[in-house]
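See below for the structure under consideration.
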Amino acid sequence: MDAVRAARGYGAGMTPDESGPALPGPTALDAQLPTDAAPDTPHLTATPLLLALGLGSAAHLLAHGTPGLGLNLSVWLVLLTGAVLWALRRRGERPDRAALALLLTAVAFGLSFTLRAPTPQLGALGALALLTSLTLGLSFLRPAGSGFAGLRRAGPAHLLGTLLSAGLRLAYGPLTLLARFPWQRLRPPTRQGPPGRAGRIALGLLLTAPVVLVFGALLAGADARFAQLGSAPLRWNLNLDGAFSWTVTLLVWCALAGGLLYPALLAARPSILRVPPPHARLGLTETGLPLAALAALFVTFAALQLPALLGGTLPDGETYASFIRQGFTELMTVAFLTAGVLLGTHGLSAPRTRTSAGFRALTGAVLLPLAMILASAAQRWTLYTQAYGLSETRVLGAAFLAWITLTLAWLAWRLWRGDTDRFAFPALLGGLLTLLALTALNPAALIARVNIHRHLSGVTNDLRLTPQQVSAAELAQLGAGAVPDLVRHLDALTVPTCGPGAAPGCTERQDLINLLRDVYGRVPDWRSWNLAYARAFAAVQTLPPATPDSSSR
């Protein structure tokens, strides 16, 4: 049986049901083999490992010793995308268009880290979105015709399983690349007679070099006189700690590249977790009762919001401050969970129930009052902004509100058609593009401009009776994007000295100058170059010099 499997080209970790017609009489050993590797042609078996080594080395050179991410991230993502597409083209496979769109979205997120300096929360979301789009794009990149499930029809559970599988493959993927490498091709060709003298000398020198370097470095560390022996090029001034750290970092980068390449080039399917279709086919009674109860809750809540939504009248005893402060996060959570409830009831319902008039009426009864709830959330956000200006959380809340509204509209259309198979991918792509658009708007600069304008104009309205005061120190925490506006209005936002009776948030001018020069006063490495940082650096150069002892504080 093993000989037959080898003749059919099954590599390590392959089963017949994944690569071709099942062979008769499977053995117990076949059932124990892992089922997550696809067959590979002999001339391409070495390609994944070689690409992983090349990409890992490139990542190490681009990131080692740099203060952060910037141009290096964009360059490496372009190299990764180009390498994977080249390998698939060499194999004669065309990439799946939907997966390619996600892969290009990951490259766009990398570019956003080069052009913008995102705020702390937006940066965390951007990193998560980059990893999500990259792993899903690589996992589904091979076309569906080769045995892969299409990304366009993948459900939320399948996408989640693929993300979990990607995390596991980061651990065993590099090992599989090593196992699939044709090591026998590296053996020197056999020939008659003993090897030549030159060959024996070369091999001996190759084995001698690491012995001399390692033991020489250890002895040099034990005696300074030994370290000074020899000419300058041969002195034992080796930093073992630095060399060890350098080597470990290189291996980690190569392993990471191998874990990312494995699902794109070797895995048999996007996810190692099989998501069985739901067997419970419920009728309208079982699924209709929870939907009707949810619709009743929404109608009651929406009716209570109508006075404030239409005429601006608040309930007795409630102020605008309490109205706008409470509920926005809860309403966004309600909208997100409603999408999950509707998808769940649709998946558990029998096929004829999904297209029935009763089921459609119940989903409409849930979504219509939910639209009013979303309008109430939008009103609260608008009032909150009028009263207190912008903040990072409010900007992210507005983006989420826009995305969840479009997602629920898309879900309503798919539910009306009775088919939600194509819902997940457009919803995911819409969320990623919304985050990209928000990053392109440069939220740090937007928040700084709006709040500084409110500070300088002394804005007051029905929601704010006293002018808003902006803290320059809080604006500086937004990152490099806010620095040009902060420097432009430095005199208006700071005072020479904060006395005993100074207002809360008072910032001394020289303290802020010291902070800005300490953070943005150095020319960065070209590998971590960032457009927003470059603009902040140019703006900081126009400031007075920092105090001599500022760097030691």
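The values are calculated or read from the model by the stated rules, or taken from the named source; none is laboratory data. Predicted model only: the values in this text are computed from it and were never measured. So basically every Cβ, Gly included, is an ideal-geometry build from the backbone, and we count neighbours across all protein chains shown.
Can you say whether Asn442 is within 24 Å of Ala538 (Cα to Cα) and touching a Lys or Arg at 6+ places or on another chain (Cβ under 8 Å), as far as the supplied structure shows? Show your work before the answer.
Numbers: within 24 Å of Ala538 (Cα to Cα): yes; touching a Lys or Arg at 6+ places or on another chain (Cβ under 8 Å): yes.
Spelling it out, Asn442 is indeed within 24 Å of Ala538 (Cα to Cα) and touching a Lys or Arg at 6+ places or on another chain (Cβ under 8 Å).
Take Ala473 and decide whether it is among the small types (Gly, Ala, Ser) and crowded, with 18+ Cβ neighbours inside 10 Å. Show your work before the answer.
On the way: among the small types (Gly, Ala, Ser): yes; crowded, with 18+ Cβ neighbours inside 10 Å: no.
When the stated conditions are applied, Ala473 does not pass them.
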Yes or no: the stretch 423-445 includes at least one residue that is without any contact (Cβ under 8 Å) to a residue 60 or more places away in the chain, within 27 Å of Arg488 (Cβ to Cβ) and crowded, with 21+ Cβ neighbours inside 10 Å. yes
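In the stretch 443-539, which helices (runs of 4 or more DSSP H) lie fully inside it and hold 1 or more residues that are closer than 30 Å to Ala59 by Cβ, modelled with pLDDT of 90 or more and of a type in the set (S, T, N, Q)? Spell out how you get there, then give the answer.
On the way: elements: 443-457, 472-476, 483-488, 490-493, 509-520.
Qualifying helices (runs of 4 or more DSSP H): none found.
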Per the filter on the stretch 369-388, residues farther than 20 Å from Arg454 by Cα and free of Cβ contacts under 8 Å to residues at least 40 places away in the same chain are Ala371, Ala378
Of all residues in the stretch 249-300, count the ones that are over 22 Å from the mean Cα position of the chain (by Cα) and small (Gly, Ala, Ser). 8
Is there a residue in the stretch 81-94 that is of a type in the set (A, V, I, L, M), crowded, with 19+ Cβ neighbours inside 10 Å and within 19 Å of Pro524 (Cβ to Cβ)? no
So if I check each of Leu337, Leu374, Leu390, which one is in contact with a Ser or Thr (Cβ under 8 Å, 6 or more places away or on another chain) and either at pLDDT 90 or above or on the phi > 0 side of the Ramachandran plot (or both)? Leu374
Taking first residues from the stretch 243-268 that are farther than 19 Å from Ala98 by Cα and of a type in the set (Val, Ile, Thr) and second residues anywhere that are surrounded by 14 or more Cβ atoms within 10 Å (Cβ to Cβ) and modelled with pLDDT of 90 or more, the pairs with Cβ under 7 Å that are 6 or more apart or on different chains are Thr249/His60
Do the conditions hold for Thr420, that is, is it within 26 Å of the chain's Cα centre (by Cα) and either modelled with pLDDT of 95 or more or assigned by TED's automatic domain parsing to the domain that holds Leu61 (or both)? no
Do we have Ala378 as part of a helix (DSSP H, G or I), of a type in the set (Gly, Ala, Ser) and within 20 Å of Leu130 (Cα to Cα) here? no
Ala243 fails exactly one of the following numbered conditions: (1) among the small types (Gly, Ala, Ser); (2) at pLDDT 80 or above; (3) outside any loop (DSSP other than H, G, I, E, B). What is the number of that condition? (2)
Filter result for the condition that a residue is charged (D, E, K, R), more than 17 Å from Tyr388 (Cα to Cα) and surrounded by 20 or more Cβ atoms within 10 Å (Cβ to Cβ), over Asp491, Asp525, Asp485: Asp485
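Tell me yes or no: at least one residue of the stretch 419-436 is among the basic types (Lys, Arg) and part of a loop (DSSP other than H, G, I, E, B). Outline the logic, then answer.
Of the residues in the stretch 419-436, the ones among the basic types (Lys, Arg) are 422.
Filter once more, so that each one left must be part of a loop (DSSP other than H, G, I, E, B): 422.
Within the stretch 419-436, one or more residues are among the basic types (Lys, Arg) and part of a loop (DSSP other than H, G, I, E, B).
Could you check the stretch 48-67 and list, in sequence order, the residues that are in a helix (DSSP H, G or I) and not aliphatic (A, V, I, L, M)?
Within the stretch 48-67, the first condition is being in a helix (DSSP H, G or I), and the residues that meet it are 48-63.
Selection gives Pro48, Gly54, Gly56, Ser57, His60.
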